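Have a look at the structure below before the remarks.
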Amino acid sequence: MFANALVSFEQMVSSYPGPLMLVTILCPDPHFKKRHHKRRVVQKPLVDSILKNLHPGGQVFLQSDVLEVALDMRNQFDSHFDVLEHITDIDPSVLCDNEGWLLINPMGVRTEREIHAEFEGAKVYRRMYQRRI
């Protein structure tokens, strides 16, 4: 399925047959120019829709090789501390750097972009959250 998550997420999830347990946002287009930031996928309406539909115990995994984008995504989700917990608060065995970025991909499968970025020597910024039960 191909869709713009910012526009179609709510409709797609409403017809999903089971509980929404995992949402991943992996290396979204950075839209570097300030005037194009409105095109970034992680915006308040999408975050609100994800949190509205995410089942208790469900997780959100974010990843980007662009620090500015990773910080923007982190800020969007960190602002919902009443609903979400960072994965290290739940599982202290998860390894993070001193800024809370996960050191390894917890999904076990690396994306092509992730492989390319790491090959080029770039850092990949990852965060994982879990909806409070």
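Read-outs: derived from the displayed coordinates by stated rules, not from any lab. It should be emphasised that the depicted structure is a prediction, and the values quoted were computed from it without experimental measurement. Cβ atoms come from the backbone with ideal geometry, glycine included; neighbour counts cover every protein chain shown.
Quick rundown of the values:
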item	result
Positive minus negative residues near Ala117 (Lys, Arg vs Asp, Glu; Cβ under 15 Å)	-3
Taking all pairs of distinct alpha-carbon atoms in the chain, Kirkwood radius in angstrom	15.5 Å
Translational D in µm²/s for the range 89-129 (Stokes-Einstein at 4 °C, 1.567 mPa s, Kirkwood Rh from C-alpha pairs)	116 µm²/s
Amide H within-cut-off set for Gly58, under 5 Å, with H built and near neighbours excluded	Arg131
HN-Hα J in Hz across the range 18-25 - Karplus 6.51, -1.76, 1.60, θ = phi - 60°, x for Gly and Pro	x, x, 7, 10, 8, 10, 10, 10
From phi via Karplus (6.51, -1.76, 1.60), per-residue ³J(HN,Hα) for the range 67-80 in Hz, x at Gly/Pro	4, 4, 5, 4, 5, 4, 5, 4, 4, 4, 7, 4, 5, 10
Over the chain, relative contact order from alpha-carbon pairs under 8 Å, at least 6 apart, %	30 percent
MRE, 222 nm, helices only [DSSP H, n ≥ 4, -39500 (n - 2.57), over the chain, to nearest 500]	-9500 deg cm²/dmol
Candidate aspartates and glutamates for bridging to Lys44, where Cα separation is under 17 Å - those fewer than 8 sequence places away on the same chain excluded	Glu10, Asp29, Glu68, Asp72, Asp78, Asp82
Phi-based couplings in Hz for the range 116-128 (Karplus 6.51, -1.76, 1.60; Gly and Pro marked x)	5, 4, 5, 4, 7, x, 7, 7, 10, 9, 10, 9, 9
